[in-house]
Every structure is written in structure tokens, then in C-alpha cells.
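A short worksheet on the structure shown next.
Just so it is clear, none of the values below were taken in a lab; they were calculated from the coordinates. Bear in mind that the values here come from a model prediction, so they are computed numbers and not experimental data. For neighbour counting, all protein chains shown are included, and Cβ atoms are generated from backbone atoms with ideal geometry for every residue, glycine included.
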Amino acid sequence: MTRDQIAEELPNLAESKLTALVVDDSFVNQTIHQKLLNRLGIENDVVTNGKEAVDVYCSGRNYDLILMDMDMPIMNGIQATKRLREMGIESKIAGVTTRANEGEKKEFMEAGLNDFQEKPLTISKLLSILHKLNFYVQT
Amino acid sequence: MLGLGVDRLQADINRLLASLFHQGVLDEQFLQLQQLQDETSPNFVYDVINIYFDESEKLLRNLRLLLMDREFSDYKKIGLHLNQLVGSSSSIGARRVRNVCVAFRSASELSNRPGCLRGLEVVEHEYHYLKNMMHELFQLEQQRILAAGVRYPM
């Protein structure tokens, strides 16, 4: 998608100052997901596993959106999602993983996700997440 | 004459990419990476692919060390490494590497050691083929940039 097409999809996205946390143990995916978020004007940070995501929230930081990988060392995406919800965190959490069979998807969703996308993440899939989670400002 | 050099190099780049897509080595996700390259990150594709090479080589080394151990039995660890390789390969559009990793992962889920060893060899082969092709692509692109930058003095 071109920038003009993105602007048409979400005209006020740049004004909404959304924030996002990328939770993924792969530096490749971190880099790509951050670039996708930057392209949409979404401020973002990155951590490398579920425990770091929980720690970030425990430190008092908050994000509108979390892009949560499923398979990570120390604490995986399912464990981290459950933990964040137990803590009362209401950020929107979108699971992003290569594992897409129905059983795995169901387990991840039941942990507390708001949405689920199969990797690889693209601008279109990210826009779909934002649309579904009502992350745009109506004029 | 210089214009022809740039055009010829661009044609070579296009031909190489078309071949890689035709062989199934790359898929449309690679085009997504190219679309993310912009003035704020003009070397984005090159940078991401090199990160992928670094990450993948560590994972492949770890997989080989695990499987070469006679006492090896930790198939879960194999699975975790492969999940990461599947994920990063699909993220850069490395379709064939991704697919052979998925096949390897199936062998690990069945605790099939000979299957895993075969799987590792296939993944290593596909990975090195991809790496060689990417190096060739980056060399052509570098030559094209240099050719486009050369100007006759006025």
C-alpha cells in the first residue's frame, strides 16, 4: 500500500498518537513490525519476550496496542497475555504468529487476545487489526 | 552509454528476482519488504535480510549442535528454534526455507531423529542457496547505484 492509500484508510491516524508494544523474540520480526508501525505513524517500543512485556507494564508504562508473538523463550505469548489480563491490563492485544491451526489459535485467543493475525504481518493485516479494534478517529 | 549500463543492470536485477519468484525461493512478502523501504530507511531490505542471515545462522548452528549430541532428546528445543526460523523466513518472503523448516518441525514433533537430521540438511541447503542469491541481488543493486551515480564531466 502507498502512503496515500494508507491515509485514505485512516485519515486521522497520524493525529491519534497511538502507541504500540512489539513483543517478539526475533530481531527480524521486531524490525519489520516496528517499520510497519512507523509507517502508520504509531509510536512503538519493542521487547523480546512475554516476561519483558509484563515487566514493562509493571513499571507503569502503557500502550494502546500490543503485537504479541506466541512462541518466545522465558514467557510465551499465551502466558504473557493471561498474565497481563490478570493484572487488569486493558490494552488491545493482537496475537501475531506463524501457528495458525484452529487449536493453537483458540488457545491463544482464550488467553485474552482481542485479535489474531497469521504472520507474516503486512500493512494490510495491521490496518485490519486497527480497524477491528476501532483504532481510528472518526471525523 | 552509461544509461544502457544502468538499464542492463536493472534488467539483470528484474530477471534474477523473476527467477527467484518463479522457483518459489521468494514470495510476495519480499515485495512487502521492498515497499517498506523509503527515504527514512533507504537500505531497509538489505538491513533486514542481513539481520535474517545473522539470526538464521545462529539458529542453524544451535540445531546442528543439538542434533549432533548423541544424548540428544530435547525435541521441544528443536521445535522452538524452528518456530523462530519459520517466523523470520516467512517475514522476509523466504518461502522455500520456510516450507522446509515446517517439514523439519513435523519430524521434530514426532521425535524422529533421522528425520530431523535429514530436515536440517535440507534447510541448510535451501538457506545457503537463498543467501547466495541475495548476495548476487545486492551486488547487482550496488553496481546499478554506482552506474547511475557516474556522470561525465560537463
| Taking the simple approach of a point 7 Å from Cα along Cα-to-Cβ for both B:Asp47 and B:Leu65, what is their distance in nm? | 2.9
| query | Using +1 on the beta carbon of Lys and Arg, -1 on that of Asp and Glu, and nothing else charged, what's the dipole of region B:1-128 about the Cα centre, debye to 20? | reply | 560
| task | Neighbouring Cβ atoms within 10 Å as the yardstick, rank A:Lys35, A:Lys132 fewest first. | result | A:Lys132, A:Lys35
| field | Global geometry of the protein assembly as shown, whether rounded, prolate or oblate, following the gyration tensor of its Cα atoms and the 1.5 cut on a/c | value | oblate
| query | Gaussian network model of chain B, Cα springs within a sub-10 Å range: biggest mean-square fluctuation belongs to which of B:Glu136, B:Glu71, B:Glu124? | reply | B:Glu71
| said: Taking the alpha-carbon distance from A:Lys105 and a cut-off under 14 Å, which aspartates and glutamates remain once sequence neighbours fewer than 8 residues away in the same chain are dropped? | reply: A:Asp69, A:Asp71, A:Asp115, A:Glu118
| task | Could you state the angle between the C-alpha long axis of helix B:44-68 and the longest principal axis of the C-alpha atoms of chain B, as a value from 0 to 90 degrees rounded to the nearest 10? | result | 20
| field | Cross-link table A:Lys92/A:Lys125; A:Lys17/A:Lys106; A:Lys35/B:Lys76; A:Lys82/A:Lys106, entries beyond 21 Å C-alpha to C-alpha | value | A:Lys17/A:Lys106; A:Lys35/B:Lys76
| said: Counting only trypsin sites (Lys or Arg not before Pro) that sit in a DSSP loop (anything but H, G, I, E, B) with at most 14 other Cβ atoms within 10 Å, what is the longest stretch of chain B containing none of them? | reply: B:71-150
| note | The farthest towards the positive end of the charge dipole of region A:53-139, of the residues A:Phe135, A:Ala111, A:Tyr57, given +1 on Cβ of Lys and Arg and -1 on Cβ of Asp and Glu, is A:Phe135
| field | Reachable lysines from B:Lys131, criterion Cα separation under 16 angstrom, eight or more residues apart if same chain | value | B:Lys58
| task | Can you check what the net charge comes to around A:Gly50, using other residues whose Cβ is under 14 Å from the Cβ of A:Gly50 (Lys, Arg +1; Asp, Glu -1)? | result | -3
| message | Taking the Cα centroid of region B:13-70 and of region A:55-107, what is the distance between the two, rounded to the nearest whole Å? | response | 26
